[in-house]
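Let me begin by presenting the structure, written as structure tokens, before commenting on it.
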Amino acid sequence: MDIFEQAYLGNIALKNRIVRSATYEGMCDKNGFPSEDYKQLYVKPAQNNIGAIITGFVFISNDGRAMQPGQAGIDNDDKIPFYKEMTDEVHKYDCKIFMQIAHAGRQTSKETTGGKVYGASYKKSHYFKSKPERLSTDQVFSLVETFAGSARRAKQSGFDGVQIHAAHGYLVHQFILPVINNRKDIFGVDSKTGIGIKFLDMIIDRIREKYGADFPILIKVSAGGDYLKQFTQKQFLNLIRFLDSKKIAGIEISYGTMDYALNIFRGNGVPFDTILKYNPRYKINNNWHKFLWKTFAAPIVSQRIKPFIPMYNLPYAQTAKQFTDIIPVIVVGGFRTGQEIFSTIKKGYADFISLCRPFICEPDFANKLYADGNYVSKCISCNTCAVMCDSINLTKCYQTKAERREQSA
Ligand SMILES: Cc1cc2nc3c(=O)[nH]c(=O)nc-3n(C[C@H](O)[C@H](O)[C@H](O)COP(=O)(O)O)c2cc1C
């Protein structure tokens, strides 16, 4: 296999195997209406030789909004004309685009949803802290319809498919994880597989029933995680087997939950100063308190953070590939060099490579790779972009010129 050859996600042909992984944009108004910046954000990489783009997570309903203040929505039909304009523009450059549809579940706040916070169970996230209300069985059925309605809007908006966000601790993942899902109804953990897949199963079926069996559905999953009660390899494999049986268009392999967000997007160190300034959970204005926090709490927090390792989710992707012959496996996390990208595809360890931070840093990264197979991303994984998602600022690269020069020298 070669990175710059045509390849399929479901019935959708991509001109190459490079994907821009879902990346929150921070470019929408308080009702989730995207701005012109949002459109340009996606047109730019499309013009630069990327196979497919997956949008940042888009809320399907107001109670499913995440805490990031500029999140996009697909909760009503008014937004369709805007997205249609954007997808038409992206398609001009022979680039495909998928919308990532999501419900935050317990990973949000009452202030954000303007009312209640819901979850698969009453268990609260130690990071987000709001005690969720457990969704009733009827409410879960209703959310299946809401997911399907969002997929319909995405289709009408010209997207080539949707990606259901079943990773990073958001609602679908809360149902999958036995450490969170303690339900006794049909949406509980299945005794055979040890995971809670009914909710995802019904969402996939409902989208297909209502809006076409051939409308491509990608699923993003977390292969491992950081809770004391581990998500086991057996449970992960059962998840892959399930997705294989559903013949979905592609599985993207990620990691973890937002309770330990810096293990999803692993970086070189932790940008504590930025966190203490912008993160609503950690914000400290007083310099003395800041000093104390950095001296005593930071080392404890750091212990839970995994270091950056190139291609850190690749072993999970390789395992997944052994358990599915037909479903393309997309791997995300820590790809920074042409060599890593070309050799992963050449060796058949994964079918597609998706990247997030390298595209924030250089929207023309795919073109640079095309011109030079040994190209190295200028992204130094400082993670300021990730921490700034909690602020009102747009998602962009915050590396200084000096850092960039040092990298590219
Ligand atoms: C600023 C930022 C925003 C992100 N937004 C999303 C998102 O909306 N949905 C999602 O599934 N993952 C999101 N992620 C995670 C990335 O898609 C990706 O899984 C992770 O960053 C690892 O890939 P990388 O090493 O190429 O950055 C985000 C990451 C960053 C840094």
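Read the figures in this text as sums done on the coordinates, not as results from a lab. Just so you know, these numbers come straight off a predicted model, no measurement behind them. Heads up, the Cβs are rebuilt from the backbone with ideal geometry, glycines too, and the neighbour counts pull from every protein chain shown.
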remark   = Sparse-neighbourhood loop hits (trypsin sites (Lys or Arg not before Pro), segment 319-409; DSSP loop; Cβ within 10 Å at most 10 others) -> LYS347
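Provide the FRET efficiency to the nearest 0.05 for the LEU292-GLN235 pair, computing r from the beta carbons and using R0 = 35 Å.
Efficiency, from the Cβ-Cβ distance: 0.30.
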key: Net charge of Cβ neighbours under 11 Å - reference ILE54; Lys, Arg +1; Asp, Glu -1   = +1
FRET efficiency, GLU111 to ASN76 (Cβ-Cβ, R0 22 Å, nearest 0.05) = 0.55
ask   = Most fluctuating residue of GLY194, GLY169, GLY26 in a GNM of the chain with Cα springs under 10 Å: which is it?
value = GLY194
remark   = Stretched fully, the stretch from ASN268 through VAL376 gains (0.36 nm per residue minus C-alpha distance, one decimal, in nm) 37.3 nm
note = Over 23 Å (Cα to Cα) among LYS44/LYS306; LYS44/LYS368; LYS124/LYS283 -> LYS44/LYS306
task = Let me know the number of lysine pairs in segment 189-264 closer than 27 Å at the Cα, not counting same-chain pairs under 8 apart.
result = 20
query = Between ASN367 and ASN285, what is the label-to-label distance in nm when each label sits 7 Å out along the Cα-to-Cβ direction?
reply = 4.5
request  = Could you tell me what % of all Cα pairs in the chain have separations over 35 Å?
outcome  = 21
query = So, in Å, what gap is there between the alpha-carbon centers of segment 1-56 and segment 347-387?
reply = 13
request  = Report the extension gain between ILE305 and LYS184 in nm, rounded to one decimal, defined as 0.36 nm multiplied by the number of residues separating them, less their alpha carbon distance.
outcome  = 40.2 nm
message = If I model a spin label as a point 7 Å beyond the Cα along the Cα-Cβ vector, how far apart are those points for ASN393 and TYR127 in nm?
response = 1.9
inquiry  = Starting from 0.36 nm per residue, how many nanometres of slack lie between HIS91 and GLU36 once their C-alpha separation is accounted for?
reply    = 18.1 nm
ask   = Using the Karplus equation 6.51 cos²θ - 1.76 cosθ + 1.60 (θ = phi - 60°), what ³J(HN,Hα) coupling, rounded to whole Hz, does each residue of segment 298-311 give in order, writing x for Gly and Pro?
value = 4, x, 5, 4, 4, 4, 8, 9, 7, x, 5, 10, x, 6
note = Within the under-11-Å Cβ sphere about ASP75, not counting ASP75, Lys/Arg +1 and Asp/Glu -1 give a net charge of 0
query = Taking springs between alpha-carbon atoms closer than 10 angstrom, which of PRO299, PRO81, PRO178 fluctuates most in the Gaussian network model of the chain?
reply = PRO299
query = Of GLN235, GLN303, GLN68, which has the largest mean-square fluctuation in a 10 Å C-alpha GNM of the chain?
reply = GLN303
task = Among SER391, SER302, SER354, rank each residue by its count of other Cβ atoms within 10 Å, from fewest to most, as a rough exposure measure.
result = SER302, SER391, SER354
request  = Under a cut-off of 15 Å between alpha-carbon atoms, report the aspartates and glutamates in cross-link reach of LYS346, not counting same-chain residues fewer than 8 places apart.
outcome  = ASP2, GLU5
ask   = How about segment 179-238: which trypsin sites (Lys or Arg not before Pro) there are in a DSSP loop, with at most 13 other Cβ atoms within 10 Å of their Cβ?
value = LYS184, LYS192, LYS229
task = Select from segment 247-291 those trypsin sites (Lys or Arg not before Pro) which occupy a DSSP coil region and have at most 15 other Cβ atoms within 10 Å, ordered by residue number.
result = LYS247, ARG281, LYS283
ask   = So what are the radius of gyration and Dmax for the Cα set of segment 355-401, in Å?
value = 11.7, 37
